[in-house]
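Heads up: the structure comes next, in structure tokens.
Here, each number is a calculation from the coordinates, and none is a lab measurement. Please read all numbers here as calculations on a predicted model, not as lab measurements. We place every Cβ from the backbone using ideal geometry, glycine too, and count neighbours over all the protein chains shown.
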Amino acid sequence: MFLSTTKNRLSKAITKQIKSQFAADLSTLLGKEEVLETIKTEDKDMFVLRNNTPIFKVSGNSFIPLVKCVHIVPDILPRVVVDTGAIKYLINGADLMAPGLLHSTSEYPSVSVEDVVAVYGHGKTNALAVGIVAMDNEQVNTQKTGMAIKLINRLGDKIYSHA
């Protein structure tokens, strides 16, 4: 997946751009002692690597934190908590459906469509996935069905397993 013709050290300008996009303290993630690089895959996707581990997906001028990034800086993204019944489906690659957010143990903050969020299982301390919101809280509560969050990266997928 990460066969590449271009692998470059991350410039100070890109590091500054990443830091300006997020309110969280990224000093542990983007410290001077870390080897930071960009890599382009054969599918033309671009990623930022930290010590050869993908931490951001580049989308236009935006940087989307990946699961391993959220494990290092948990407050980088809004946190969505799903009920325990949804966890196995997420780990197996399913997108997050609205019923997984309707359980009494679920937490779905006030987020907008197209926001990037970290998905946690109820009672779990580490993120299970990162995804893009397809339905806001009001839509989930009124429609009660359909895809609520489109996953970008999850525990065990090809991006997560690369190191």
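Would you list which lysines come within 21 Å of Lys57, measuring only between C-alpha atoms, while excluding same-chain residues fewer than 8 positions from it?
Within the straight-line cut-off, Lys57 pairs with Lys7, Lys12, Lys16, Lys19, Lys32, Lys40, Lys44, Lys68, Lys150, Lys158.
Compute log10 of I(q)/I(0) for the range 42-90 with the Debye formula, placing one identical point scatterer on every Cα and leaving out solvent, at q = 0.13, 0.16, 0.22, 0.27 Å⁻¹, to two decimals.
For the requested q values the scattering log ratios are -0.41, -0.59, -0.89, -1.03.
Note the listed values (1) 15.9; (2) 15.5; (3) 16.3, then indicate which one is Kirkwood radius over Cα pairs in Å calculated from this particular structure.
It is the one labelled (3).
Might you report the magnitude of the Cβ-based charge dipole of the range 5-163 about its Cα centre, with Lys and Arg at +1 and Asp and Glu at -1, to the nearest 20 debye?
Charge dipole, the range 5-163, about its Cα centre: 520 debye, nearest 20.
If the label point is 7 Å along Cα→Cβ of Asn52, which residues in the range 148-163 have backbone nitrogen under 13 Å from it?
Within reach of a label on Asn52, which here means backbone N under 13 Å from a point 7 Å along Cα→Cβ, the range 148-163 contributes 162-163.
What value in Å³ per residue do you get for the convex hull of the alpha-carbon atoms in the range 77-161?
Per-residue hull volume (Cα only) is 79 Å³.
Given an 8 Å cut-off on Cα distances and at least 6 residues of separation, report the relative contact order of the range 77-161 as a percent.
After rounding, I find 33 percent.
Hey, what did the chain get for relative contact order, percent, Cα under 8 Å, at least 6 apart?
Averaging sequence separation for qualifying contacts and normalising by length gives 19 percent for the chain.
In degrees, nearest 10, range 0 to 90: what is the angle between the Cα axis of helix 12-21 and the longest Cα principal axis of the chain?
20 degrees
Just to verify a number: FRET efficiency for Asp25 and Thr145, C-beta to C-beta distance, R0 = 30 Å, to 0.05?
0.20
How much length is gained on full extension from Ile72 to Asn92, taking 0.36 nm per residue of separation minus their Cα-Cα distance?
Extra length available between Ile72 and Asn92 comes to 4.9 nm.
Once you have the Cα-Cα distance between Glu42 and Asp136, take 0.36 nm times their residue separation minus that, and quote the gain in nm to one decimal.
Working it through step by step, the gained length comes to 30.5 nm.
Test of understanding: in a Gaussian network model of the chain with alpha carbons linked when under 10 Å, which of Thr38, Thr53, Thr28 would top the mean-square fluctuation ranking?
The residue with the greatest mean-square fluctuation here is Thr28.
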